[in-house]
Amino acid sequence: MSQVAEVSIEVRELRKRFGRAVAVDGLSFRVEAGSVTGFVGPNGAGKSTTMRAVLGLDAPDGGQALIGGRPYHALRTPLLEVGALLDAAALHPSRRGRDHLRWLAHSHGLSMRRVDEVLDQVGMGDASRRRAGGYSLGMRQRLGMAVALLGDPPVLLLDEPVNGLDPEGIQWIRTLLRHLASEGRAILVSSHLMSELEDTADHLVVIGRGRLIADTAVADLLAAASGDRVRLRTSSRAEAMELLAREGGTVAVVDRDILTVTGLSAERVVELLSGARVPFAEVGAHRASLEEAYMELTRDAVEFTSTPAEEADEVTR
């Protein structure tokens, strides 16, 4: 296992405007060493601007974005201190993947052996000798990860790293991120795939309209979202809903034959359904998904929302 220095990412009261548009509005959070932190929010929430500010690509109008207590421009050897994957497509199509890494390695005094190590680590193999113009998006993502890992940095910032990856690739990067965090690295991952973050991230930073919505452990967020709800599967949905509501339960429809019930224990739900001879196949504690918890948190922060079909029908009548 690599021995890496414990370095954190810290954003303090960060502010950034583009003309009249406020992209980031007083945002503060910290990414600790030894953890994978998911960075999520609706489109236009300010995630990309924040990551660019940490990497010195956008100058903030106020506040600070620090790596190990220093701004990016103050880092003596940036590639050895922070690795980043922001845009996998930003690669000249005529350049071979291996040559791209060799140039970066040479500019930072790294050996060609290190180039081969990271290419093996990301599974590029012989593909690295092909020109980048023939790469699939998944291959570009793997090469982007190789660039991020080239200097063996203690900090990683990754924007949508699973884009274009097949199921095997998604499983690979999930395992890789957990391994890198176990070595003591601070990893910030922006993603729209809540199912992937649920299996990968220790911590979650949620933003909306440039402001912090939540900064919490994933386990704590899931526990809070699950609450004391009971999950019920029944083929007689309407009958079960009427009965449980009459007995003081708050009932919500999750799927065609799945309900959640608040205000009644699982034992009481079973007792009521059995007594009324309402058929059911499953009763147990409800465990919220990360996507469910995220949707609830960001309900008021979404800039663009679609109109449900039934509402659209009413509008056009």
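An oblate overall shape is assigned to segment 1-102, the ratio a/c of its alpha-carbon gyration tensor axes (a ≥ b ≥ c) being 1.5 or greater and a/b not exceeding b/c. Of the peptides 119-132, 189-202, the ranking by mean beta-carbon count within 10 Å, highest at the top, reads 189-202, 119-132. In whole angstrom, how far apart do the alpha carbon centroids of segment 194-227 and segment 63-93 sit? So the two Cα centres are separated by 25 Å. For segment 188-294, the gyration tensor built on C-alpha atoms gives a prolate shape. Its axis ratio a/c (a ≥ b ≥ c) is at least 1.5, and a/b is the larger of a/b and b/c. Peptide packing for 77-87, 279-289 was compared via the average number of neighbouring C-beta atoms within 10 Å per residue; ordered from the highest value, the list is 77-87, 279-289. Extension gain for Asp199-Ser274 works out to 23.3 nm (0.36 nm per residue, less the C-alpha to C-alpha distance).
Using the Kirkwood formula over every pair of different C-alpha atoms, what hydrodynamic radius in Å results for segment 228-287?
Computed over Cα pairs of segment 228-287, the Kirkwood hydrodynamic radius comes out at 10.8 Å.
Mind sorting out which of (i) 67, 43, 36; (ii) 71, 38, 34; (iii) 76, 47, 45 is the real Cα extents along the principal axes in Å computed from the coordinates? Derived directly from the coordinates: (iii).
Taking every alpha-carbon pair under 8 Å whose residues sit at least 6 apart, the chain reaches a relative contact order of 21 percent. Its Kirkwood hydrodynamic radius, worked out from the mean inverse distance over all distinct Cα pairs, puts segment 81-227 at 16.3 Å. From the square roots a ≥ b ≥ c of the eigenvalues of the alpha-carbon gyration tensor of segment 123-165, which class results: rounded (a/c under 1.5), prolate (a/b over b/c), or oblate? Judged from the Cα gyration tensor, segment 123-165 comes out oblate (a/c at least 1.5, b/c at or above a/b). Helices in the chain, meaning DSSP H runs of at least 4 residues, each add -39500 (n - 2.57). Divided by all residues, the mean residue ellipticity at 222 nm is -10500 deg cm²/dmol. Once the chain from Ser289 to Val254 is taken as fully extended at 0.36 nm per residue, the excess over their C-alpha distance is 11.4 nm.
Coordinate-derived values only; no laboratory data. What you see is a predicted model, and the numbers here were worked out from it, not measured in a lab. Positions of Cβ are backbone-derived with ideal geometry, glycine not excepted, and every protein chain shown enters the neighbour counts.
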